[in-house]
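Colleague: Sharing a structure here in structure tokens format.
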Amino acid sequence: MLSVDASADDFFWDNGGDGPLWSLTDNWNPDGVPGSDDGVQINIPDANCLIDSSVNAACGFMYVGYSTGPCYLDMTGGTLSMGGHLRIGEPSSGEGVFNMSGGTVNTGNGRLWIGINGTGTLIMTGGEMTVADKLELGKNASGTGWLYIHGGTLNITGGESDDFEIAKYGTGNVYMTGGEINVTDNIKLGQSGGTGRIYLYGGTFNNGNDNPIIDENSIIDITEGTLVLPGDATSPINDHILNGLIKAYDGDGRVVVIYDNSADQTTVNAAMVDPELAWNPSPVNLATVPWTTTGQTISWKPGEYAASHDVYFGTDWDDMNDADNTPVARPEYKGNQDPCSYDTGPLDLGTTYYWRINEVNDNAWAPSGSPWKGTVWEFTVADYLIVDVFEDYNDTIPYAVYNTWTDGYEIDTNGSTIGYLEGTAYETEIVHGGNQSVQLEYDNSIANNSEITVNPADLAIGPDWTIGSPKALSIWFYGDPNNAVTEQMYVKLNGVKVKYDGQPYDLTKITWQEWNIDLAAFDLNLSSITELGIGFDRTGTAGGSGTILIDDIRLYRSRCIPSLSKPAGDLDNDCDVDYDDLSIMVDDWLETDYDAVGNDGILQNFPTDNSQWVNDPIRGRCLQFDGVDDWVDIDDSQMSNFHDKTISLWLNIRQFAEPYPYVFSFQNAGDTPYRIYIRTRGENVVRARFVEDYLPDFSTGTNVWHHMAFVIRDTIDGMCTGEFYGDGDLLGQLPRQPRHSGGAKGVSLGSFNDGSSGFLNAIYDEFRIYNSALSANEIKYLAGSAGGVEPTDDILLHYKFDEVSGFTAKNSSTYVFNRPLLSAAELYKNEAQGSRVVNFRDFAVLAEMWLEKQLWP
């Protein structure tokens, strides 16, 4: 039996019946027909299981092709109802195929996994399949998933996660020639180094998010199909097009993006180019290209009748569109030529260039109309110069990174090494750009200094850093939680050091961070840079050690970095004050903060006979949830800036179900993910999720009262810790998480995201939220443990659950707290708390800076 997705019984397809029907008892081991709580494995190669119009199939979860294959499930009609996951092709040796031409499938609360470690295929020519949670296609390095949609409807409707994840670490391919795919949330294509492809050859793909996530190893190729997105998605879709991530006819056509204001949606289609015109420009239209000393070689594919090409190139769109082939009067005209390429010569940093190709053929056999005027294309030269991005190094001498950069390997006075000492020298999984980053290890316990250096003459940038008039040096680094934060990071040019000006604890953050350095801080002649160094100075007597990753070292002109410089009236973080900022202020006009007590909890979907209010022999009056659709709505507005708080409750779980019912749910209202979840996990276990990480499990069992608490504690470095307590004992701590700011959404008890899924069968008592991070002894008091100290801090919310009727859990706390004004348009800061409002005082601040622009440095 499988230990995963445990259920009442596991049924194995043995193909022993008189025909392949699911409903024949002899086809299963043990004999019988699976029920809604049972697990199913279809694991006999080439012995198809069939669901037709006579069958109403049900199961708790299903494997098609587990550790063997190919194994087949065919569905021509009928129904398939599930309570858990449908897995096709798992693990690495598994191969499964699901052919669906009719009927309906509903995964209940489960996911659809196609090719998780193994190989999985779903072929739809008809019917309707509804996936209540996410669909993952080709997950993990050994996973390969294939999805063919020739007809029918595939819905990915929601649940804990309603994304369509294609090729996360693995390989996933979608071929669509007809039918419909409806994704409530978003496409995530080719994450974490995976290779994903969507070939939209027909049908309609409705995406619930206006900006699909497409990693650099993946593409969406459109021919006869249609991609539909909500709202005005023209900007993000055009970004994907110019980056080559969405294309038409495998690059031979053009992608057509149209926003329909009346329907408030964007459609993306494909069209072939006019046969007379030049096409397939390189760089692709609207691309950003790196600066090089020689400029760009632009190229194109010729029109069908072209014998030669008139080339136009310049910096003004109108001039480019109007220019003719008189070179004296129109300098944009660069002449007529036969090759389909043109060398531009040196170009300026951060400049947009326009170009056009007119196709020429005056031979008698050619159609009339020559020259055929081409489309005006454009590209922008990046506003940076590459110092080193660590892409061209390999493990072969002299091309290894340590043959260009000098470190402290086997040098007693230098505690640094560059690159990994074992295996390949480079990091290929955690990269900021491209395919490689490099490790810098520092150890000042054996030396006073750890430093790596390079002579720019050995890099493409060379020693003259005045070319293009750069103003700033940018270095991206990635930390490690175990790093010593006592050591002073610095960058050095020609012996002059500039110290890192961020927080020391930035070295422990497991995320990419950009360090921007004003070149003026070095006070050097930048035309002759002979040394670039990155290092750590010892600051204490013992010296500390650690590792960081480095990537994308660049030189920039002045640019928009809102965190370093922007006008006060810039509300949309584009470093200027314009109509976009005014529009934000208009949208938030007269919004205000206010003071209030916490809200009562609103009971949703509870019985009308008041049977939810129970009298427990241990806890007294309590609220009972049925695990079907009951949940309590907590007002999101009282959860603004939710940090330095304590969540406390008593809980008696009656039943554990899949997938993972929620005790408490909290999410950030903005685009940045921020999660505080307390939820079950499998049988008899509760765990807490804080931002992106989980805390240790708490074993609870069923029908037993337990106290749980989650503490969000501010730290002096501007971050938070998350602490999870069970029955008064600290189970675990997550250090260095960001502090929440802004509003919240989906705050609820007994469900995920305001009753969308994850319903819990349990009894609640004494739910509290304190306006501070309580101490360990105060948590012990709330849990009734020895050594506890009664909390004295204010309680924002206190649901005693001692009601006997009705649909309200009364908040017994009388604490009055401020509901802050979270609008970016609150520019005037001198109003008293409780009287803050977006009004003409804020408009005056914006107007004073109208059309002002600030770049850095």
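The values are calculated or read from the model by the stated rules, or taken from the named source; none is laboratory data. All of these numbers come straight from a predicted model, not from anything done at the bench. Note: ideal-geometry Cβ built from the backbone for every residue, glycine included; neighbour counts use all protein chains shown. Each accessible area value is taken on the protein alone, full model and side chains, heavy atoms only, with ligands, DNA and RNA left out. Shrake-Rupley method; radii C 1.70, N 1.55, O 1.52, S 1.80 Å.
Colleague: Label points 7 Å out from Cα along the Cβ direction at Ser101 and Trp850: separation in nm?
Modeller: Each label point is offset 7 Å from its Cα along the Cβ direction, giving 6.9 nm.
Colleague: Compute the length gained on full extension between Thr288 and Ser54: take 0.36 nm times their separation in residues and subtract their Cα-Cα distance, giving the result in nm to one decimal.
Modeller: 78.4 nm
Colleague: Which parts of region 554-576 would a label at Lys829 reach, counting a residue when its backbone N lies under 20 Å from a point 7 Å out along Cα-to-Cβ?
Modeller: Only 561-576 fall inside the zone, counting backbone N under 20 Å.
Colleague: Please list, in order along region 845-854, the HN-Hα scalar couplings obtained from phi with the Karplus expression 6.51 cos²θ - 1.76 cosθ + 1.60 (θ = phi - 60°), rounded to whole Hz, x for Gly and Pro.
Modeller: 5, 5, 5, 5, 10, 4, 6, 6, 10, 10
Colleague: Just how much of Asp252 is accessible, in Å², when a 1.4 Å probe is used and the result is rounded to the nearest 10?
Modeller: 60 Å²
Colleague: Follow-up question, since we're still on this one. Taking each pair of distinct Cα atoms in region 715-762 once, what is the resulting Kirkwood hydrodynamic radius in Å?
Modeller: After inverting the pairwise mean of 1/r, the radius is 13.4 Å.
Colleague: To continue, here is another question. Spelling out what I want: for every residue of region 552-567, take phi, set θ = phi - 60°, compute 6.51 cos²θ - 1.76 cosθ + 1.60 (Karplus), and round to whole Hz; glycine and proline get x.
Modeller: My calculation for region 552-567 gives 6, 8, 9, 10, 10, 6, 4, 8, 7, 10, x, 5, 9, 6, 6, x Hz in order.
Colleague: In Å², what does the accessible area per residue of the chain work out to with a 1.4 Å probe?
Modeller: 42 Å²
Colleague: Ignoring ligands, DNA and RNA, please state the percent of accessible area on the chain from carbon and sulfur, probe 1.4 Å.
Modeller: Of the solvent-accessible surface of the chain, carbon and sulfur hold 46 percent.
Colleague: Compare the peptides 273-280, 751-758, 327-334, 89-96 by average per-residue count of other Cβ atoms within 10 angstrom and give them in order, highest first.
Modeller: 89-96, 751-758, 273-280, 327-334
Colleague: Right, next: Sorted by packing (mean other beta-carbon atoms within 10 Å per residue), highest first, where do 19-28, 697-706 land?
Modeller: 19-28, 697-706
Colleague: Rg (Å, one decimal) plus Dmax (Å, integer) for the alpha carbons of region 576-714?
Modeller: Radius of gyration, then largest Cα-Cα span, for region 576-714: 19.1, 65 Å.
Colleague: Straight-line reach only, C-alpha to C-alpha below 24 angstrom: list the lysines that Lys334 could link to, leaving out same-chain residues fewer than 8 apart.
Modeller: Lys301, Lys373
Colleague: While we're here: Please compute the length gained on full extension between Lys471 and Thr428, using 0.36 nm multiplied by the number of residues separating them and subtracting their Cα-Cα distance.
Modeller: 12.5 nm
Colleague: Same structure again: Using amide H atoms built in the peptide plane, which far-off residues or other-chain residues are under 5 Å from Thr130 H to H?
Modeller: Val105, Asn106, Thr107, Asn155
Colleague: Which translational diffusion coefficient, to the nearest whole µm²/s, is obtained for region 234-277 from the Stokes-Einstein equation, given a Kirkwood hydrodynamic radius over C-alpha pairs, 10 °C and 1.306 mPa s?
Modeller: It comes out at roughly 141 µm²/s.
Colleague: What would the Debye formula give as log10 I(q)/I(0) at q = 0.08, 0.10, 0.11 Å⁻¹ for the alpha-carbon point model of the chain, no solvent?
Modeller: -0.95, -1.40, -1.52
Colleague: Here's a follow-up. Output the peptides 557-569, 179-191, 519-531, 113-125 sorted from most to least packed, where packing is the average of other Cβ atoms within 10 Å over each peptide's residues.
Modeller: 113-125, 179-191, 557-569, 519-531
Colleague: Rounded to the nearest 500, what is the chain's calculated 222 nm mean residue ellipticity when only DSSP H runs of at least 4 contribute -39500 (n - 2.57) each, over all residues?
Modeller: The helix-only estimate for the chain comes to -1500 deg cm²/dmol at 222 nm.
Colleague: Compute the length gained on full extension between Glu224 and Glu683: take 0.36 nm times their separation in residues and subtract their Cα-Cα distance, giving the result in nm to one decimal.
Modeller: So the extension gain works out to 160.4 nm.
Colleague: 5 Å is the cut-off here: which amide hydrogens, built 1.01 Å from N in the peptide plane, fall below it relative to Leu459, excluding neighbours closer than 5 in sequence?
Modeller: When sequence neighbours closer than 5 places are left aside, there are no close amide H contacts.
Colleague: Among all the aspartates and glutamates, which ones have a C-alpha under 13 Å from Lys810's C-alpha, if same-chain residues fewer than 8 places away are not counted?
Modeller: Asp600, Asp633, Asp635, Asp765, Glu766, Asp802
Colleague: Among the lysines, select those whose C-alpha is under 20 Å from the C-alpha of Lys566, and discard any that sit fewer than 8 residues away in the same chain.
Modeller: The reachable lysines, counting only those whose Cα sits under 20 Å from Lys566, are Lys471, Lys829, Lys853.
Colleague: Residue by residue through region 76-90, what is 3J(HN,Hα) from phi via Karplus (6.51 cos²θ - 1.76 cosθ + 1.60, θ = phi - 60°)? Round to whole Hz and write x for glycine and proline.
Modeller: Karplus-based 3J(HN,Hα) across region 76-90 equals 10, x, x, 9, 9, 10, 10, x, x, 7, 10, 10, 10, x, 6 Hz.
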